[in-house]
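Undergrad: Below you will find the structure I want to go over with you.
Read the figures in this text as sums done on the coordinates, not as results from a lab. Since we're looking at a predicted model, the values are computed, not measured. Here the Cβ is made from the backbone with ideal geometry for all residues, glycine too, and neighbour counts use every protein chain on show.
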Amino acid sequence: MPRKSRITLKEIEHLAWLARVQLTKREKRLFKEQLSSILEYFDKLDEANVEELPPTFHVVEHYNVFREDEPRPFPSDIVLKNPPKMKGRFIKAPRIV
Amino acid sequence: MNPLLYPAEKVASAVRNGELSALDYLEAVLERLKHVEPKLNAFITVTEELARRKAENIDRRVEKGLKVGKLAGVVVAVKDNICVKGVETTCGSRILKGYRPSYNATVVERLMAEDAVIIGKTNMDEFAMGSSTEFSAYGPTRNPWDLERVPGGSSGGSGAAVASGEATLALGSDTGGSVRCPAAFCGVVGLKPTYGLVSRYGLVAYANSLEQIGPMARNVGDCALLLSVIAGYDPRDSTSLKVQPMDYQTKLTDPPELEKLRIGVIKEFMGEGVQEGVRERVWNAVQSLENLGARVGEVSLKSLDYALAAYYIIAMSEASSNLARYDGLRYGFRSSDQGLDWNRAYAKTRRMGFGEEVKRRIILGTFALSAGYYEAYYLKALKVRTLIRMEFEKAFKKFDVLVGPSMPMTAFKIGEKIEDPLELYMCDINTVPANLVGIPAISVPCGLSDGLPVGLQVMAPPLREDLVFKVAYAYERTGKWMFQLKP
C-alpha cells in the first residue's frame, strides 16, 4: 500500500485546489511541515494487523431511511435573508465560465 | 442559598410552585453574566430579549395555574453549532457570520417544550475542530479557574458558562472529546451519549459518524435531567436509535450501592504522558468507588495505541466532505468575486472564511480520501476502528464500566500548544475511543491538581447511560468534590 511521510508544496497546492480552498503563501509553507509530521504520526497504523477485519463506517447498522415525499412549509422570510448577494428573489452566483 | 447555585431541578420546582419568578432568576443570571463575560468570552451571542420573553411567559402561566415544563425557568446555554431559529449560528467561523437558521434543532425544540430559557450561543473552536477554544474566529474563551488558561474545547464556551454561573445548564457537542474535555478543565460534569441516542438534526455537521450532542451541568443529577429532556428517537435524523425514553434521574440511586459493580481501570490511560497529579486524583476516586463496594481491576486495551491516528483520519475525511457545502452563496460570508469564475470565487471565499485549523483538516481529509491513498489511510483507519470496538466489547464482558482520566493533563496556558497541531491532537488521546466505538462516556470532577480541576471519565456499553450516571453520582455523593463557582 502506498504511504507518504513527506508531502510536497506541489501536492499541497493540488489538494487545496481539489478542496476549492485557496491557501496563503504562509499557510502553504506551514502546512508542508505540519502535515508531514502529522502523516508520519498516522504511519503508526501500519503496526496494526487489521487486514482481515471489515471496516466500521458507522457504529449503528444502517439501512435506507425514507420519509413521505410531501412538501413541508418553508419560512422563506428567514431563508431569503441569508444569501449575501440577491437580485430580487434570486441568489446571485459567480459566473460559470 | 443563593438561587444562582440552585441545581436545575430546584430552579424548576421553585418556579413551578411560584416561589421563584423565572424572570427574577434570569435577571440574576444575566447580572452574573454581565459581570464575568468580559473576562471569559464564553458567548458568541447573548439572546437577552428572547430569554426575557420566555421567562415572562413562564411566569404568566404559573400565575394562571397552567402547566409548565420540566426545565421551567432553567437557564440553558447552547453551543453555537446547534441551530436556534432566527438566532445567528456561526460555529465559531467567519464563513457562517450572519447565518440565521430557519429552523430549530430537535434538541432546541425539546428544551423549549420543557420551558427552558435559552440565554445564548456559546463560543467554540471553529466547526468544533480543537481542544482549547483558541481556534474560534470570535476570540478565545478563558478558563474561569485561571484566566490565563484554556477552558478546553471544542465546547469551551459551554464549559466556562456552566462553571461561572452564566447558565444553569449547557449543551455541547462531542466528536472526539469536545464535551468531556471542557467539563474536565472547567470542573463541571459533561456527557457524550451513545451514538444515536440524541438527535443530530440541527447540529452543524463536522464528522457525522462520531459526533453527539451532550449535556453539561454543575452536578450529575442536572446532567441526567438534561439528557432525559434531549434524548430520544427523531425521524429527522436517520441515525437516530428507536429507543424508549428514560428518566435517567430516577436511575441514579437504583439500586443505591455499587455492590458488585465491576470497574475496570484502563492501563493505557494511566501510563506515562499522564500528569502525576491527574493520575493521583483519578486513583483516589477509584479508591472511593471501591470503598462503596465496587470491585476494581485493571484492563489493558492494546489497540488504544492506534485510536488517536484512526480518529483523526476518520474525522478529517468526514470533515472535508461535510465542509464542501460552504460556498458563500446561500448564507454566511462571501468574498468579493468580481472577475472570478465560480471555482476561483468559491476557493477565495473559503480562504477568507475558514481559519487555519479548518483548512489543515480539509486538506488532510481530502488527501486521506484521494485516489491512491484511500486504502492506506481512510479504509485502514476504519478497520482499526473495528479492532478497537472488538477490544471494548471484550473488556465489557469482564467489567461493567471502564474508567480513567478524561484528560491526561489539567488546563494548559492559552497559546501553549497552538503552534503545534499534533501536540494539540494528543490531548484527545483518552476521549476519542468512546467516539470511535459509539459508547457513552462522562467526565465528572474528582478534585484539583495544583489548583486546577481534574476529570474522572466513566465509560459503559452502548445505551448504558444509567450506569455511567450511577457511578458518577455515587462518587459525587462521597462529598470529595463540591461545585465551586468561578471566577
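Undergrad: Out of all DSSP beta bridges with both ends in the protein assembly as shown, state the antiparallel percent to the nearest 5.
TA: Close to 65 percent.
Undergrad: Tell me, B:407, B:352 in order of fewest to most beta-carbon neighbours within 10 Å?
TA: With the fewest neighbours first, B:407, B:352 line up as B:352, B:407.
Undergrad: Shifting gears a bit: Inside 10 Å of the C-beta atoms of A:42-52, what's the mean count of C-beta atoms belonging to other chains?
TA: 6
Undergrad: Please tell me the relative contact order of chain A in percent, rounded to the nearest whole number, where contacts are Cα pairs under 8 Å and at least six residues apart.
TA: Over chain A, the number comes to 23 percent.
Undergrad: Using a Förster radius of 56 Å, what is the FRET efficiency between residue B:34 and residue A:28 based on their Cβ-Cβ separation? Nearest 0.05, please.
TA: Result of the calculation: an efficiency of 0.80.
Undergrad: Right, here's the next one. Between rounded, prolate and oblate, where does segment B:243-345 land on the alpha carbon gyration tensor, with a ≥ b ≥ c its root eigenvalues, rounded for a/c under 1.5, else prolate if a/b exceeds b/c?
TA: In terms of gyration-tensor shape, prolate.
Undergrad: Is segment A:1-46 rounded, prolate or oblate when judged by the Cα gyration tensor, a ≥ b ≥ c being the square roots of its eigenvalues, rounded requiring a/c under 1.5 and prolate requiring a/b larger than b/c?
TA: It is prolate, given that a/c is not under 1.5 and a/b is the larger ratio.
Undergrad: Any idea what the relative contact order of chain B is, in percent, if you count C-alpha pairs under 8 Å spaced at least 6 apart?
TA: About 17 percent, as a whole number.
Undergrad: Can you tell me how the protein assembly as shown classifies by the Cα gyration tensor, rounded, prolate or oblate, using a/c under 1.5 as the rounded cut?
TA: oblate
Undergrad: What 222 nm value per residue comes from the helices of chain B, counting each DSSP H run with n ≥ 4 as -39,500 (n - 2.57) and dividing by all residues, nearest 500 deg cm²/dmol?
TA: Dividing the helical sum by the residues of chain B leaves -11500 deg cm²/dmol.
Undergrad: What dipole magnitude, in Debye to the nearest 20, does the protein assembly as shown give about its Cα centre under +1 on Lys/Arg Cβ and -1 on Asp/Glu Cβ?
TA: Once rounded to the nearest 20, the dipole reads 1760 debye.
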